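K.L.:
This is the structure I have questions about; it appears just below.
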Amino acid sequence: MKNFMILSVAAMMAALAVSCQKAEPLAETDAANAAVTRAYNMTPKITIYVETNDVNPLNAGDYLLSDGTPYASIVELFASNIHKEIVGGIVRPTLYLNDKMTNLLENGGTEKYIKPLQDKGIKVLLTVLGDWAGIGLANMNDTQAEQFAKILAYAVEKYGLDGIGFDDEYANYSSSLVSGSFGNIITKLRGLMPADKLITVFEWGNVGSSQINATAGALIDYVYTNFSAYDTYIGVAGVTKERFAPESINLGGIFSASQIRNYGNAAYDVAENGYGAIMHFNLRTKSDRDPLKLFNAIADGAYGETVTCENGNRPQDWTFVPGGFTISIDDVQ
């Protein structure tokens, strides 16, 4: 009995010691790692598109949940463009960064504008968009799809990005669409990038079965519905609800109290019904279009948390590069 009591007292002391240790605050590095882990692992994930023509992407990282982790899981830089070049009479796709996008990625831009978001646990993707050049995601032959996928994978590695987002708009297709072109690009890109890199698709343009089949759709991490409070129709084959955002909001508008309440209720439905993401497009500066009430409604519905903002008005403080910057298959090879 005496030995049992001694052992019991020892066990109690050990438990108290462990309890005291658990009560101590996390070391700064441990807290940072915890924040990074939770930021992207939260479900549903919040995606925020930033129009880099006039908004600093760091503003997206200023919105924090009540536990200090970022509100955003994914930030999409909107947008790079699909251009083309003609070499020996052959059309080849190129990736174009316009005059405003260039220095976000080139000339040390990634260290200043991308890495701070990633250090908070946010995934940063480069959105790819048509640009009236007559070439786009839906009309590339197999050789062009291979070239473009290599260019995109090269850009992800070169700039330390977390993946590519696709948006099939403004291509001004001058030739017949190539059945399966979009899905072919996705399939080839997935094979060229590390497994932890993301591919997203905004459900707009040529995303039907002739363009993205179930095999390619299964390789997409997240698909965002066209703007809607709650549209559960998934227009891309092979995509399950765990990889779909039925709630998609354009932040450029002004929202009434009832609209904000409805978006919050929809966020609750997104979470309760097992959907994987909620998308926000066109983040403005806080002084222009303050999204805080909307973000709070969505965070409350999805997570039962609140949102605060550290700044939200960071200026567009990088220099523009006349002519922009182009990446071709020659740069990759």
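K.L.:
Are there any pairs, at least 6 apart or on different chains, whose C-beta atoms fall under 6 Å, with the first in region 229-245 and assigned by TED's automatic domain parsing to the domain that holds residue 281 and in contact (Cβ under 8 Å) with a residue 24 or more places away in the chain and the second among the hydroxyl-bearing types (Ser, Thr, Tyr) and surrounded by fewer than 18 Cβ atoms within 10 Å (Cβ to Cβ), and if so, which?
P.N.:
237/209
K.L.:
Residues that are touching a helix residue (DSSP H, G or I) at 6+ places or on another chain (Cβ under 6 Å) and under 22 Å from residue 127 (Cα atoms): list the helices (runs of 4 or more DSSP H) wholly contained in region 215-333 that include at least 3 such residues.
P.N.:
Counting at least 3 such residues, we get no helices (runs of 4 or more DSSP H) at all.
K.L.:
Among the small types (Gly, Ala, Ser) and closer than 20 Å to residue 41 by Cα - does that describe any residue in region 163-179?
P.N.:
yes
K.L.:
Looking only at region 144-159, decide whether some residue is in a loop (DSSP other than H, G, I, E, B), in contact with a strand residue (DSSP E or B) (Cβ under 7 Å, 6 or more places away or on another chain) and either free of Cβ contacts under 8 Å to residues at least 60 places away in the same chain or surrounded by fewer than 23 Cβ atoms within 10 Å (Cβ to Cβ) (or both).
P.N.:
no
K.L.:
Among what's in region 160-186 and is surrounded by fewer than 18 Cβ atoms within 10 Å (Cβ to Cβ) and more than 20 Å from residue 207 (Cβ to Cβ), pick the residue that is modelled with the lowest pLDDT.
P.N.:
174
K.L.:
Being surrounded by fewer than 19 Cβ atoms within 10 Å (Cβ to Cβ) and either touching a Ser or Thr at 6+ places or on another chain (Cβ under 9 Å) or closer than 30 Å to residue 299 by Cα (or both): is that true of residue 57 here?
P.N.:
no
K.L.:
I need the full set of residues from region 106-133 which are more than 22 Å from residue 250 (Cβ to Cβ), surrounded by fewer than 23 Cβ atoms within 10 Å (Cβ to Cβ) and of a type in the set (A, V, I, L, M), in order please.
P.N.:
133
K.L.:
Oh, and also: Can you name every residue in region 47-97 that is assigned to a strand (DSSP E or B) and either among the small types (Gly, Ala, Ser) or free of Cβ contacts under 8 Å to residues at least 40 places away in the same chain (or both)?
P.N.:
Passing the criteria: 79, 80, 86, 87, 90.
Yes/no matrix, rows are residues, columns are (1) in contact with a Pro (Cβ under 6 Å, 6 or more places away or on another chain); (2) touching a residue at least 12 places away in the same chain (Cβ under 8 Å); (3) within 22 Å of residue 199 (Cα to Cα); (4) in the same structural domain as residue 78 (by TED's automatic domain parsing):
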| position | (1), (2), (3), (4) |
| --- | --- |
| 248 | no, yes, yes, yes |
| 253 | no, yes, no, yes |
| 260 | no, yes, no, yes |
| 264 | no, yes, no, yes |
| 269 | no, yes, no, yes |
| 275 | yes, yes, yes, yes |
| 284 | no, yes, no, yes |
| 287 | no, yes, no, yes |
| 292 | no, yes, no, yes |
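The values are calculated or read from the model by the stated rules, or taken from the named source; none is laboratory data. What you see is a predicted model; the values in this text were computed from it and never measured. FYI the Cβ positions are ideal-geometry reconstructions off the backbone, even for glycines, and counts take in every protein chain you see.
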